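Here is the structure we will look at, set down as structure tokens.
The values are calculated or read from the model by the stated rules, or taken from the named source; none is laboratory data. All values derive from a computational prediction rather than experimental measurement. Cβ: placed from backbone, ideal geometry, glycine included. Neighbour counts: every protein chain shown. Please note that ligands, DNA and RNA were not included when accessible areas were found on the heavy atoms of the full protein model with its side chains. Shrake-Rupley method; radii C 1.70, N 1.55, O 1.52, S 1.80 Å.
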Amino acid sequence: MVNYYKNSRIEETLSEINFDQILDENIKSFDGLNGINFAIDISNLSPFKSDDFRIKVILNNILSNAIKYQKKDNPEKRVEIKIHTSPEKADISIFDNGIGIQEKHLPSIFKMFFRGTHYSDGSGIGLYIAKEAIDKLNGSVQVESEEGKFTKFLIEIPNSYVPSPQAAALR
């Protein structure tokens with residue numbers, strides 16, 4: 001609820017984003033990582049500037065679900081995170097081979113208090129907050145999922161990095 005309040009109230013504060021550090025801190029903060037293999041691929045082709053708080057909220061909430069909704073009996077639990085930055089945007093892909101989302105629930109997963117499975121013990125606000133943060137950054141999100149097999153979030157966030165006049169002149 002604190003993240004919801006902050007996201008809706010605080011002004012955007014731009015800084016250069018260090019995705020390696022954010023993911024490292026984020027993953028270390030979760031309980032229940034037993035047996036989950038993380039594959040992280042970050043290609044920073046360009047400096048990326050955005051709101052650090054909102055980027056953290058987005059990654060935290062989506063990764064939390066990727067971890068929470070793994071199949072308990074799967075010996076090969078996997079979460080794949082790919083981030084590609086360019087002068088225009090960051091493309092973020094988060095894939096997990098967990099329980100997936102029923103197709104009928106996909107249109108509702110970003111609604112406040114929506115819980116798409118009886119396995120959920122959360123409040124149903126995490127994806128809502130992530131979507132609100134993405135919207136505040138003028139980004140977009142798409143979801144692909146197949147129940148019992150996988151879920152994949154595809155996120156685009158515009159890059160607010162503006163090179164200095166000296167750097168632009170060197171191009």
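Scan segment 128-143 and report the pairs whose first residue is touching a residue at least 40 places away in the same chain (Cβ under 8 Å) and over 18 Å from Ile101 (Cβ atoms) and whose second residue is open to solvent by 10 Å² or more (accessible area, probe 1.4 Å) and aromatic (Phe, Trp, Tyr), with Cβ atoms within less than 8 Å and a gap of 6+ or a chain change.
Glu132/Tyr4
Quick one: would you say Gly124 is modelled with pLDDT under 80 and surrounded by 15 or more Cβ atoms within 10 Å (Cβ to Cβ)?
yes
So how many residues does segment 1-44 have that are surrounded by 15 or more Cβ atoms within 10 Å (Cβ to Cβ), modelled with pLDDT of 95 or more and either more than 18 Å from the chain's Cα centre (by Cα) or not in a strand (DSSP E or B) (or both)?
5
Find all pairs meeting these conditions: Cβ atoms under 8 angstrom apart; at least six residues apart or on different chains; first residue within segment 14-39 and farther than 14 Å from Val57 by Cα; second residue surrounded by fewer than 13 Cβ atoms within 10 Å (Cβ to Cβ).
From segment 14-39, the pairs are Gly35/Pro75; Asn37/Glu76.
Please work out if Ile134 is open to solvent by less than 30 Å² (accessible area, probe 1.4 Å), at pLDDT 95 or above and part of a strand (DSSP E or B).
no
With (1) more than 13 Å from the chain's Cα centre (by Cα); (2) open to solvent by 50 Å² or more (accessible area, probe 1.4 Å); (3) at pLDDT 95 or above as the list, and Lys82 as the residue in question, which single condition is left unmet?
Failed condition: (1).
Name every residue in segment 30-50 that is touching a helix residue (DSSP H, G or I) at 6+ places or on another chain (Cβ under 8 Å) and of a type in the set (S, T, N, Q), in order of residue number.
Asn44
Within segment 45-66, work out how many residues are open to solvent by 20 Å² or more (accessible area, probe 1.4 Å) and within 23 Å of Arg78 (Cα to Cα).
Of the residues in segment 45-66, 5 are open to solvent by 20 Å² or more (accessible area, probe 1.4 Å) and within 23 Å of Arg78 (Cα to Cα).
Which residues, taken from segment 82-111, are touching a Ser or Thr at 6+ places or on another chain (Cβ under 7 Å), part of a strand (DSSP E or B) and closer than 17 Å to Tyr69 by Cβ?
Asp96
Anything in segment 85-98 that is among the small types (Gly, Ala, Ser) and either surrounded by fewer than 16 Cβ atoms within 10 Å (Cβ to Cβ) or within 26 Å of Glu147 (Cβ to Cβ) (or both)? List them, or say none.
Matches in segment 85-98: Ser86, Ser93, Gly98.
Identify, from the list Lys72, Lys89, Lys104, the residue that is closer than 22 Å to Ile27 by Cβ, at pLDDT 85 or above and of a type outside the set (A, V, I, L, M, F, W, C).
It is Lys72.
Can you tell me how many residues within segment 139-167 are among the polar types (S, T, N, Q), surrounded by fewer than 20 Cβ atoms within 10 Å (Cβ to Cβ) and modelled with pLDDT of 95 or more? Spell out the reasoning first.
Let us first name the residues in segment 139-167 that are among the polar types (S, T, N, Q), namely 140, 142, 145, 151, 159-160, 164, 166.
Going one step further and asking which of them are surrounded by fewer than 20 Cβ atoms within 10 Å (Cβ to Cβ), we end up with 140, 142, 159-160, 164, 166.
Next, from what is left, pick out any that are modelled with pLDDT of 95 or more: 140, 142, 159.
The number of residues fulfilling the criteria is 3.
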